[in-house]
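The values are calculated or read from the model by the stated rules, or taken from the named source; none is laboratory data. The structure presented is a predicted model; accordingly, all values stated were derived computationally and were not measured. Because the Cβ atoms are built from the backbone with ideal geometry, glycine has one as well, and the counts that use them run over all protein chains shown. Areas reflect the complete protein model, heavy atoms only, side chains present, ligands, DNA and RNA absent. Shrake-Rupley method; radii C 1.70, N 1.55, O 1.52, S 1.80 Å.
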Amino acid sequence: MEKSKKIHSHHHSTKHIKTISNRISRTIGHLQAVKRMVEADKDCSEVLIQLAAIKAEVNNTAKAILKEHLAHCIIHAVLEENSQSIEDLKKAIDMFVK
């Protein structure tokens, strides 16, 4: 998905990385469970409810990443007068909310 690796001028905390990684792992597990539901021919309404929960999980993970990005990455970009990082954030938000 990523065209080129971007270099941060700072690093995210181990706690933040672990929190996001755990959220993603839970979402993957949830998605695998829904796959099993589909394979077991479970009720469509139940599957849709679970997919809505997964969608909320993904959105909440993105929100946590965005908050961290604004609190740290963008502050560093402003201090370093790096307008490209702000443009990259705008593009990422546009792509996410499509």
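Find the residue count for segment 25-50, including only residues that are on the phi > 0 side of the Ramachandran plot and small (Gly, Ala, Ser).
Number of matching residues: 0.
Restricting attention to segment 43-87, which residues are charged (D, E, K, R) and within 24 Å of LYS15 (Cα to Cα)?
Listed by number, the residues that qualify are LYS55, GLU57, LYS63, LYS67, GLU68.
Could you check segment 80-98 and list, in sequence order, the residues that are in contact (Cβ under 8 Å) with a residue 40 or more places away in the chain and open to solvent by 90 Å² or more (accessible area, probe 1.4 Å)?
Within segment 80-98, just GLU80 meets the criteria.
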